[in-house]
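*Asks:* Attaching a single structure in structure tokens format; questions to follow.
The values are calculated or read from the model by the stated rules, or taken from the named source; none is laboratory data. The model shown is predicted, which means the values in this text are computed figures rather than measured ones. Note that each Cβ is placed from the backbone with ideal geometry, even for glycine, and that neighbours are counted across all protein chains shown. Just the protein is used for accessible areas: all its heavy atoms, side chains included, with ligands, DNA and RNA removed. Shrake-Rupley method; radii C 1.70, N 1.55, O 1.52, S 1.80 Å.
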Amino acid sequence: MRPNIRSSTIQPTMKAILSIIFSITVISCHQVLAQNSQIIHFNWNIVKEYDPNIQIDRKLLGFEQADYNALEGFKPTFIERIDAQTGLRPVVSIEIVKSRVVNNAEDAVPYLSFLTDDYSQNVNFGTERGKRVYFLNLVPIRKKGGLLEVAEEIKITYRWEKVETSGITVNKRSGKIDSKLAKGKWISVDVSSTGIYKLDLNFFNKHNIDVSGVDVNKIAVFGYGGEELPMLNSAYRPEDMKEIPSKSVGLSDGKFDNGDYILFYAQGPITWSLNTKKTQFKHDKHTYADKITYMICLGEYKRTEVPNAPKITGNANVVTDEYNYLYVHHKDQLTDISKNVKTGKEWFGEEFNFNTNQNFDVGTINGLITSDSIMVKSMVAGRNFTSNSTFTVRLNGKKVFDQICSKTDPDYLKPYVVLSTKTGEVLTNSNHLVMNYEYDKPSSVAVGWLNYFEIHAKSKLVYSGGALPFRNKDILGNSESIVQFN
């Protein structure tokens, strides 16, 4: 049965990836599992390419099909995938058939300090779709006295040995997934921030949905939350959407009338958690989406209500009327960094080029404790070839700190920008906060960017309507405490 789905499609923010594609000559190129050995030729050369961003030629000694390790000076690495056999693991031996000695190739070897006297190799494994795969990593260049030796032809021999599999757990995906979306009538909801969301007749009328004939106990919310899928294939991830418990009001008569509604809690693309030391909160921003989509099903699945919390017996031994106010400004934009670097997952926000003085209105914090310092955490980026560049960060006109970005190295292999992350504290006598960033532009070509800033403050629990999320890190983690919030 084809599901009936109404949705407003959201396009996730995709990060550009720079891919360099080469060719390689492989002799006896059958599947790795079907052969005992193979011969591989490496065609070494120096690439010269003019880069308009740095106005110089960049040079790199490498070979066709190389994977360049940016963390080790762009060291050229040969990577071969090896499909696993059940209960076996590969043992790889390398024989150098042909090699030659070269000099430092006119400084085209920025990875020199990462080379050893041997042709370094290792075999790593991973998991894809519940199956184990192996990867051979080989660096076919080594130091030889004051010179370098490159392998032009190698013989790779594979043999298999038994591996002990007891105690190894692989998160296997089931062969068939009966998706909840396969049946029922669905509505999608895009959430841009974490909070409590309300489904009432106005919401359904807006989506041209008639709920008069729908079983009100079968209006349910599903989703994955605001966190990203794990990078590791071996890590757990849900195969289908999970229901999000919700709170219904006025539906006990079996009808959805005016004034009736359903409340549910939804995470947005920005989440907060304690750092590893449990001393401060930190924010995480979804890399690929500006909004998180949740799905509402009508008439198919019985809704799970939010359970009542167990009754607390005993008196509170911690009483507080304060909470940690948290705010973050983290805006991803298409900037010159993204256009020119064309790789990576970190995007940046406002540009400081023609407009070098910018304000950011945080808003009014009801109950702000002005006698306590406000903590500001900031991350910026600067690009200037001649000297350092500086951001001056202010809160309500008071200087919090200077952030200095050292001058940028024009070498293509060096970072495109220099980053600066800093934390500081400041006092203010106003509960309306305005952040100010001023960029000291040292030359006509200097440019700065804001990545994000966080504000951490202490506030009284003052309810002003709507949802009030609150937390207090000073009392978290003590399971024996009974806390009373006033």
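*Asks:* LYS144: open to solvent by 60 Å² or more (accessible area, probe 1.4 Å), more than 27 Å from the chain's Cα centre (by Cα) and either more than 30 Å from LEU298 (Cβ to Cβ) or modelled with pLDDT of 85 or more (or both), yes or no?
*Replies:* Working: open to solvent by 60 Å² or more (accessible area, probe 1.4 Å): yes; more than 27 Å from the chain's Cα centre (by Cα): yes; either more than 30 Å from LEU298 (Cβ to Cβ) or modelled with pLDDT of 85 or more (or both): yes.
Taking the combined requirement at face value, the residue satisfies it.
*Asks:* Applying the selection to the range 86-114, what residues are over 18 Å from GLN38 (Cα atoms), surrounded by fewer than 16 Cβ atoms within 10 Å (Cβ to Cβ), of a type in the set (Val, Ile, Thr) and at pLDDT 80 or above?
*Replies:* VAL101
*Asks:* Out of the range 222-249, which residues are in contact with a helix residue (DSSP H, G or I) (Cβ under 9 Å, 6 or more places away or on another chain), open to solvent by less than 50 Å² (accessible area, probe 1.4 Å) and either of a type outside the set (Ser, Thr, Tyr) or outside any strand (DSSP E or B) (or both)?
*Replies:* Listed by number, the residues that qualify are PHE222, ASP240, MET241.
*Asks:* Which number in (1) part of a loop (DSSP other than H, G, I, E, B); (2) open to solvent by less than 60 Å² (accessible area, probe 1.4 Å) marks the one condition that SER420 misses?
*Replies:* Condition (1) is where SER420 drops out.
*Asks:* Tell me, please, whether a residue that is in contact with a Phe, Trp or Tyr (Cβ under 7 Å, 6 or more places away or on another chain) and closer than 30 Å to HIS432 by Cα can be found in the range 283-303.
*Replies:* Yes - at least one qualifying residue is present in the range 283-303.
*Asks:* In the range 445-464, which residue that is part of a loop (DSSP other than H, G, I, E, B) and of a type outside the set (Val, Ile, Thr) is nearest to ASN353 (Cα to Cα)?
*Replies:* That would be ALA446.
*Asks:* Still on this structure, please answer the following. Quick check, is TYR288 open to solvent by 60 Å² or more (accessible area, probe 1.4 Å) and either within 30 Å of THR343 (Cα to Cα) or in contact (Cβ under 8 Å) with a residue 12 or more places away in the chain (or both)? If you could, list the steps in order and put the result at the bottom.
*Replies:* Details: open to solvent by 60 Å² or more (accessible area, probe 1.4 Å): yes; either within 30 Å of THR343 (Cα to Cα) or in contact (Cβ under 8 Å) with a residue 12 or more places away in the chain (or both): yes.
Criteria met by TYR288.
*Asks:* Scan the range 390-417 residue by residue and report those that are touching a Lys or Arg at 6+ places or on another chain (Cβ under 7 Å) and open to solvent by less than 40 Å² (accessible area, probe 1.4 Å).
*Replies:* THR392, VAL400, PHE401, GLN403, THR408, VAL417 - these are the residues of the range 390-417 that are touching a Lys or Arg at 6+ places or on another chain (Cβ under 7 Å) and open to solvent by less than 40 Å² (accessible area, probe 1.4 Å).
*Asks:* Name the residues in the range 178-221 that are open to solvent by less than 70 Å² (accessible area, probe 1.4 Å), at pLDDT below 90, more than 22 Å from ASP290 (Cβ to Cβ) and not hydrophobic (A, V, I, L, M, F, W, C), would you?
*Replies:* SER179, LYS180, GLY184
*Asks:* Confirm whether GLY259 is at pLDDT 90 or above, assigned to a loop (DSSP other than H, G, I, E, B), in contact with a Gly (Cβ under 7 Å, 6 or more places away or on another chain) and on the phi > 0 side of the Ramachandran plot.
*Replies:* It is true that GLY259 is at pLDDT 90 or above, assigned to a loop (DSSP other than H, G, I, E, B), in contact with a Gly (Cβ under 7 Å, 6 or more places away or on another chain) and on the phi > 0 side of the Ramachandran plot.
*Asks:* Give VAL328, VAL341 a once-over and let me know the one that is closer than 22 Å to THR421 by Cα, touching a Phe, Trp or Tyr at 6+ places or on another chain (Cβ under 7 Å) and at pLDDT below 85. Steps first, please.
*Replies:* Values: VAL328 fails: at pLDDT below 85.
After applying the criteria, what remains is VAL341.
*Asks:* Let me ask something additional. Residues being buried (at least 18 other Cβ atoms within 10 Å of the Cβ), farther than 17 Å from LYS155 by Cβ and out of contact with any helix residue (DSSP H, G or I) (no Cβ under 6 Å at 6 or more places or on another chain): count how many of those fall in the range 66-83.
*Replies:* Residues flagged as buried (at least 18 other Cβ atoms within 10 Å of the Cβ), farther than 17 Å from LYS155 by Cβ and out of contact with any helix residue (DSSP H, G or I) (no Cβ under 6 Å at 6 or more places or on another chain) within the range 66-83 amount to 4.
*Asks:* Scan the range 334-345 and tell me whether some residue there is closer than 19 Å to SER193 by Cα and in contact (Cβ under 8 Å) with a residue 12 or more places away in the chain.
*Replies:* No: the range 334-345 contains no residue that is closer than 19 Å to SER193 by Cα and in contact (Cβ under 8 Å) with a residue 12 or more places away in the chain.
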